[in-house]
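Bear in mind that the values in this text are calculations on the coordinates, not laboratory data. Note that the structure is predicted; figures quoted are calculated from it, not measured. Cβ: placed from backbone, ideal geometry, glycine included. Neighbour counts: every protein chain shown.
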Amino acid sequence: MTAGVLCAVRGPSESAVVRAVAGAGGRFEVVRRCADLAELLGAGAAGLGAVAVVSADLPGLDREAVHHLHGSGLRVVVLDTEGRPPGALAHLGADGVLHGADDVVDALETALAGPPAGQPGGAPAVGRVGGAPSLTSGDVAARLAGVAALP
């Protein structure tokens, strides 16, 4: 079965993500290339995909937007092309953080392997996607204890 991918990636990384998804042997298909967050949220609400790949610097991307995408049944993978330190994007609550388009297929498979981050039955967005943990152990401990981690 082919999983639909919504792509809201800015700059030259967009074409790299689309090429990687196209080369995934039919496991994934880019069903929409979204120009902005509004288009991504609309496509997600319409049920057009199973997972979204989103640039970390997409204007308006925040925890609420990721939560909205999760509410539409999407998994969310954030693409960081600026080399932020591990855990720097954990506040978004995404299912994975990717640090370059080369590993996008692995990140998509990992994101789809379980329930969305923060959903009942789902784990916090923890693990290694793109070579770096998406949350620190302190973030995980704070979430399990039901308190917010300090920035």
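Before moving on, here are some points about what is shown:
- For residue 79, the residues 5 or more places off, or on other chains, whose built amide H falls under 5 Å of its own are 54, 55, 56, 98.
- FRET E, pair residue 29, residue 88, Förster distance 35 Å, beta-carbon r, rounded to 0.05: 0.70
- Distant-in-sequence amide H partners of residue 30 (H built 1.01 Å from N, under 5 Å): 5
- Near the amide H of residue 74, within less than 5 Å, lie no amide hydrogens of residues on another chain or at least 5 residues away, with H placed in the peptide plane.
- Couplings 3J(HN,Hα) for segment 38-49, derived from phi with the Karplus relation 6.51 cos²θ - 1.76 cosθ + 1.60 (θ = phi - 60°), are 4, 5, 4, 4, x, 5, x, 5, 7, x, 7, x Hz, where x marks Gly and Pro.
- 3J(HN,Hα) along segment 30-37, derived from phi through the Karplus expression 6.51 cos²θ - 1.76 cosθ + 1.60 where θ = phi - 60°, amounts to 6, 9, 7, 9, 8, 7, 7, 5 Hz, with x in place of Gly and Pro.
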